[in-house]
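Here the structure is laid out as C-alpha cells; the discussion comes afterwards.
What follows draws every value from the coordinates through simple rules; no lab data is involved. If you're wondering where the values come from, they're calculated on a predicted model, not measured in any experiment. As a convention, Cβ positions derive from the backbone with ideal geometry for all residues, glycine included, and neighbour counts pool all protein chains shown.
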Amino acid sequence: MNGFFSVTVFEKEGEAVVEACGEKYRLTLADLERIGVADGAEADSDSLNLLAAAHEKLLCIKKALVYLSYKGYATRALGQKLRRGGFPADTVDEVLELLVRKGYLDDEALCKEYATALQRSKGYGPLRIKKELYAKGFEREQIETAVEELEETPVEVITAILVKKFPSLHPDDRQARAKAVAYLSSRGYDYDDINNAISALERE
C-alpha cells in the first residue's frame with residue numbers, strides 16, 4: 001500500500017486529524033496514542049481500519065453530547081437513539097462506557113431528578129412515576145430506589161391536590177368523591193393512599 005500518514009494535532013480540542021491515502025480521519029488524542037500512528041509513517045491497512053473506527057467513535061461521541069445538551073438521557077435510551085442514528089452497536093457501547101466514566105451519564109442521579117420533577121410539577125403518584133421513568137429507559141432497580149426516596153409521601157401530595165382541585169369535596173357527595181378518586185388514580189396513586197387522604201380531610 002502506497003501512502004504515508006500526515007498527523008495534525010489539536011491540543012485544545014483534544015483531537016487530531018490523520019490523512020492517508022486520500023482520506024481524513026478525525027479522532028481523539030487518546031485514540032491516536034492507542035493506535036500508534038506517527039506523522040510520516042507508512043500507511044498500512046490495519047492502522048487505516050483502526051483510524052476509521054476511531055473516527056466513527058468520535059462522531060458518535062459528538063452526536064451523544066449534542067443529544068445530552070438538550071436534555072438528560074438514561075444510558076439505555078441514549079444508546080437506542082444513537083443506534084437508530086446509524087452507529088454500530090459496538091461503537092455505541094464503547095461511547096456509552098466512556099460517557100459514564102467521564103460523568104456525562106449518571107442514571108441513578110438522573111432517575112431521582114426525574115422522579116422528583118414528576119411528583120412536584122406534574123403531581124404524579126408512584127405508579128405513574130414508575131411508568132414514566134421506565135419509558136425513559138431507566139432500569140427497574142433505579143426506578144424503585146428513586147420512588148422510595150421521594151421526599152413527599154403520596155398522601156401528602158394527594159392532600160395538596162385535593163385542596164387545590166377539589167376544595168369543596170364533601171364526604172356525603174359520592175359523585176364528587178368518585179370524580180376525585182378517578183382523577184387521582186389516573187395520575188398513578190394507589191386507592192388506599194387516595195382513601196386515606198380523603199378520609200383525613202373529611203375528619204378536619
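Here is how the numbers come out for the structure above:
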quantity: Between 0 and 90°, nearest 10: helix 154-165 axis offset from the chain longest Cα axis; calculated: 70
quantity: Proxy reagent accessibility, fewest Cβ within 10 Å first, across Asp31, Asp93, Asp192; calculated: Asp192, Asp93, Asp31
quantity: Net length gained if the chain between Ala41 and Glu13 were fully extended (0.36 nm per residue, minus Cα distance); calculated: 7.7 nm
quantity: Positive dipole terminus of the chain, leading residue within Ala30, Ala197, Ala74 (C-beta point charges); calculated: Ala197
quantity: Rg to Rh quotient for segment 106-152, alpha carbon positions, Kirkwood Rh; calculated: 0.90
quantity: Angle in degrees between helix 191-203 and the longest Cα principal axis of the chain, rounded to the nearest 10; calculated: 40
quantity: Positive-pole candidate from Ser6, Cys60, Gly40, dipole of segment 1-65, charges at beta carbon; calculated: Cys60
quantity: Simple Cβ-charge dipole of the chain, Lys/Arg +1 and Asp/Glu -1, about Cα centre, in debye nearest 20; calculated: 1240
quantity: Gain upon complete extension [Ala89, Glu139; 0.36 nm per residue less C-alpha separation]; calculated: 16.1 nm
quantity: Helix-only CD estimate at 222 nm, as mean residue ellipticity for the chain, using -39500 (n - 2.57) per DSSP H run (n ≥ 4); calculated: -19500 deg cm²/dmol
quantity: Dipole axis of segment 80-204 (+1 Lys, Arg; -1 Asp, Glu on Cβ), positive-most option in Val163, Leu99, Val147; calculated: Val163
quantity: Whole-angstrom Cα spans of the chain along principal axes, big to small; calculated: 90, 27, 24
quantity: Set Lys62/Lys122; Lys81/Lys102; Lys71/Lys102; Lys102/Lys122; Lys71/Lys122 screened for pairs whose C-alpha atoms are more than 27 Å apart; calculated: Lys62/Lys122; Lys102/Lys122
quantity: Highest-MSF residue in the chain out of Ala178, Ala52, Ala74 [GNM, Cα springs under 10 Å]; calculated: Ala178
quantity: Trypsin sites (Lys or Arg not before Pro) restricted to DSSP loop in segment 33-95 with at most 16 other C-beta within 10 Å; calculated: Lys71
